[in-house]
Amino acid sequence: MKKLLATIFLFIIIFQPLNAKTNFDEFVNAINNSRKLKLTIDFENTAKQFGYKNFEQFVDEYKIKYDLEDLTLDEAKEFLIGADRSVEIVESEENFKKLHSLIINNKYFKKNAYFKKKRYDNAKVLAVYLDYEKEMSKITQNSNLDKISRFAWHWIWHTKPGRELHHAQKFDAIAGCRENRIKRGVPDGGRCILVESRYRDEFKILINKETTKRPILILKSSSNIFEELDQLNELYKSGTLTKDEFEKAKKKLLNK
């Protein structure tokens, strides 16, 4: 009888659900907060703080939740980390074209209906959600870059055939892009940008300094500082940041 109970107990331990004692949402929140505050976290140690054996176990759960079964461990780290803010981004025509090419030729996006003949005669607008600063810093450092981090996208077509866009088509593409970002599990900290308009095989690149600007805040109220301090405090309380890292980040934030 004791042997049977021991076998059952061992079976339960081995085959317990992946997230039995883990906190997926809080770990994702910690990653998002660190990106917003431009902090780099230790993925392995942070994963353990939220109940995971290691970062790989978290990635396994992430892949299931967002249907990203082919996401590798290295790709996940690159996907979830923020931009290298020490790099001075070069927003040149050549780099805009490079970013456009990397988006359009992305192996996952190429499978999308965007390129199929069904909407061939309708004017289309494409928007994608990505960490613009991160991808542009990578391009700035390496003009031969062959891929960027995964991104979410949305495209919308004019209901009537022809090359003309309707007045709200660009706004609708951006709105749909924001919704798809959440569905596809792309980390917060980026933004939706317009990539191109297309009619048949003709296209116009829409990536430029104006279309990639972050939304401008009319009033820079102190509540933004309080919100960032709260996020910083959450990272400290969760164990993501050490006391020393917390104090340094807080001092930097207050001296902005």
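Could you put Asp201, Asp42 in order, starting from the residue whose Cβ has the fewest other Cβ atoms within 10 Å?
Ranked by crowding around the Cβ, least crowded first: Asp201, Asp42.
Could you list Val87, Val59 so that the one with the fewest beta carbons within 10 Å of its beta carbon is first and the one with the most is last?
Val87, Val59
How large is ³J(HN,Hα) for each residue in segment 113-122, as worked out from phi by the Karplus curve 6.51 cos²θ - 1.76 cosθ + 1.60 (θ = phi - 60°), to whole Hz, x for Gly and Pro?
Result, ordered by residue: 5, 3, 9, 7, 6, 4, 10, 4, 8, 10 Hz.
Mind checking which aspartates and glutamates have their C-alpha under 19 Å from Lys118, skipping anything on the same chain fewer than 8 residues away?
Candidates past the 8-residue exclusion: Glu164, Glu196, Asp201, Glu202.
Please arrange Glu75, Glu247, Glu202 by how many other C-beta atoms lie within 10 Å of their C-beta, fewest to most.
Listed from fewest to most nearby Cβ atoms, that is Glu202, Glu247, Glu75.
Order 126-138, 157-169 from most to least packed using the mean count of other Cβ atoms within 10 Å.
Answer by packing, highest mean first, reads 126-138, 157-169.
Could you work out the local net charge near Asn54, counting Lys and Arg as +1, Asp and Glu as -1, over the other residues with Cβ closer than 9 Å to its Cβ?
0
Laboratory data are not the source of any read-out in this text; all were calculated from the coordinates shown. Owing to the predicted nature of the structure, the values given are computational and were not obtained by experimental measurement. We place every Cβ from the backbone using ideal geometry, glycine too, and count neighbours over all the protein chains shown.
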